[in-house]
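Trainee: Next up is a structure, given as structure tokens.
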Amino acid sequence: MNTFLIFFFVFGIFAWCIWKLLNYTRNTIGENSPLKVVRVYQIGEWQYFLKFENLVFYYMLVIGFLTAKAAFSILTSDINLALTRILIFIFGLIPMAGSVFYFVLDFNHWENIRNVILTTNPVAHELELTFPHGTLLLRDGDLEKVVITYNEAKLRFSYITYYLKDGRQFTLSDRMPGMEVIQEYFRKIPTEYCKKGFPYIK
């Protein structure tokens, strides 16, 4: 029985990875490519805030809080009790600070893409972007340049600002599904890169 469970676990994960890879290929360059069929991209609250990365930081936030709280409940005869409390409190603050940094940016990027819908139209070779304040239709020749703002931390955040030739502009977080479709539809657009320590979207 144990051998069967191990076999099922190992090969189950392998089969799942292969299925995800095939599905990704089908949806990007295969039969369901946005260059071939109409595709609609949007992300909801649950899908956004319950991604694996967020769950890790929820866990870190709780662990940091419990560690910092423990600093005030330690009972010991150690003469360096005050120093011990301070050290434990600092160890608790580190994961809490990292989590707060992450969630401030994460919520900021969510506000940027909430209720945004990207729809492809391969026949006319155009993209429709629906924002809460209106709709924008992108065609060949509409984009003047693209500016990608990013940080170089292991905790990667970036956002892309699109400048239109008529003077308008819009910004999308890289956490918006289908962002790569815009690059696929409109290639050879001048692109600039801007490094920013705290890529907060204003």
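Trainee: Please verify whether segment 174-193 includes one or more residues that are closer than 22 Å to Gly64 by Cβ and open to solvent by less than 60 Å² (accessible area, probe 1.4 Å).
Mentor: no
Trainee: Answer yes if at least one residue in segment 145-158 is in a loop (DSSP other than H, G, I, E, B) and of a type in the set (Gly, Ala, Ser), and no otherwise.
Mentor: Yes.
Trainee: Let me ask something else about it. Given the conditions (1) out of contact with any Phe, Trp or Tyr (no Cβ under 6 Å at 6 or more places or on another chain); (2) in contact (Cβ under 8 Å) with a residue 24 or more places away in the chain, which single one is not true for Gly167?
Mentor: Result: Gly167 passes all but (2).
Trainee: Among the residues of segment 86-137, how many are out of contact with any Asp or Glu (no Cβ under 9 Å at 6 or more places or on another chain), surrounded by fewer than 16 Cβ atoms within 10 Å (Cβ to Cβ) and aliphatic (A, V, I, L, M)?
Mentor: 9
Trainee: Sticking with this one: Can you pull out the residues in segment 132-151 that are under 20 Å from Trp110 (Cα atoms) and touching a residue at least 24 places away in the same chain (Cβ under 8 Å)?
Mentor: Scanning segment 132-151 gives Leu136, Val147, Ile148, Thr149, Tyr150, Asn151.
Trainee: So how many residues does segment 177-202 have that are within 18 Å of the chain's Cα centre (by Cα) and under 18 Å from Glu126 (Cα atoms)?
Mentor: Residues in segment 177-202 being within 18 Å of the chain's Cα centre (by Cα) and under 18 Å from Glu126 (Cα atoms): 7 in total.
Trainee: Could you give every pair whose Cβ atoms fall below 9 Å, whose first residue belongs to segment 40-68 and is over 28 Å from Leu87 (Cα atoms) and polar (S, T, N, Q), and whose second residue is open to solvent by 40 Å² or more (accessible area, probe 1.4 Å) and at pLDDT 90 or above, counting only separations of at least 6 or pairs across chains?
Mentor: What qualifies is Gln42/Asn115; Gln42/Ile117.
Trainee: Those residues that are among the basic types (Lys, Arg), under 26 Å from Glu45 (Cα atoms) and at pLDDT 90 or above, I need them from segment 161-202; list them, please.
Mentor: Arg175
The values are calculated or read from the model by the stated rules, or taken from the named source; none is laboratory data. The model shown is predicted, which means the values in this text are computed figures rather than measured ones. Virtual Cβ from ideal backbone geometry, glycine too; neighbours counted across all protein chains shown. For the accessible areas, the whole protein counts, side chains as well, though only heavy atoms, and no ligand, DNA or RNA atoms are used. Shrake-Rupley method; radii C 1.70, N 1.55, O 1.52, S 1.80 Å.
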